[in-house]
1. Each residue of segment 22-36 in order: what ³J(HN,Hα) in whole Hz does its phi give by Karplus 6.51 cos²θ - 1.76 cosθ + 1.60, θ = phi - 60°, with x for Gly and Pro?
2. Per residue, how large is the accessible surface of the chain? Use a 1.4 angstrom probe and give square angstrom.
3. Given charges of +1 on the Cβ of Lys and Arg and -1 on the Cβ of Asp and Glu, with all other atoms neutral, how large is the dipole of the chain about its Cα centre, in debye to the nearest 20?
4. Amide H to amide H, which residues 5 or more places from Arg43 or on other chains are under 5 Å from it, using H placed in the peptide plane?
5. So which GluC sites (Glu not before Pro) in the chain are both in a DSSP loop and have at most 14 other Cβ atoms within 10 Å of their Cβ?
6. What list of ³J(HN,Hα) values in whole Hz, one per residue of segment 9-21 in order, does the Karplus curve 6.51 cos²θ - 1.76 cosθ + 1.60 (θ = phi - 60°) give from phi, with Gly and Pro shown as x?
7. In the chain, which trypsin sites (Lys or Arg not before Pro) fall in coil by DSSP and have 11 or fewer other Cβ atoms within 10 Å?
8. Compute the Cα gyration tensor for segment 2-45, then decide on rounded, prolate or oblate, letting a ≥ b ≥ c be the square roots of its eigenvalues: rounded whenever a/c is under 1.5, prolate when a/b is larger than b/c in the other cases, and oblate in all that remain.
Amino acid sequence: MERRLLGKRINQIRKERGLTSEALSEICDVNAGHIRQIESGIRLPSLPLFIRIC
């Protein structure tokens, strides 16, 4: 899956569940900026982080 599409999907689901990027970052134990970079397609999550996001 393309980075941008993956990030867009993560962003969409996060918003549907009523979470902010800060709340998701706390749940996943990462920096909120890292989540925003994933959602914007700048970075891909590692497999362990992807599993925590799911």
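1. 5, 5, 5, 5, 5, 4, 8, 6, 9, 6, 4, x, 5, 4, 5
2. Details: 3870 Å² over 54 residues.
Normalised by residue count, the accessible surface of the chain is 72 Å².
3. On the way: 10 positive and 6 negative charges, 47 e Å.
That gives a dipole near 220 debye.
4. Ile38
5. Working: sites: Glu2, Glu16, Glu22, Glu26, Glu39; in loops: Glu2.
Filter output for the chain: Glu2.
6. Per-residue couplings from phi come out as 5, 4, 4, 4, 5, 4, 5, 4, 8, x, 9, 8, 5 Hz.
7. On the way: sites: Arg3, Arg4, Lys8, Arg9, Arg14, Lys15, Arg17, Arg36, Arg43, Arg52; in loops: Arg17, Arg43.
Here the sparse-neighbourhood loop sites are Arg17.
8. Working: a/c = 2.42, a/b = 1.22, b/c = 1.98.
Oblate.
The values are calculated or read from the model by the stated rules, or taken from the named source; none is laboratory data. Predicted model, so just to flag it, every value in this text is computed and none were measured. Every residue, glycine as well, gets a Cβ built from its backbone with ideal geometry; the counts of neighbours run over all protein chains shown. Remember, those area values only see protein heavy atoms, side chains included, never the ligands or the DNA or RNA. Shrake-Rupley method; radii C 1.70, N 1.55, O 1.52, S 1.80 Å.
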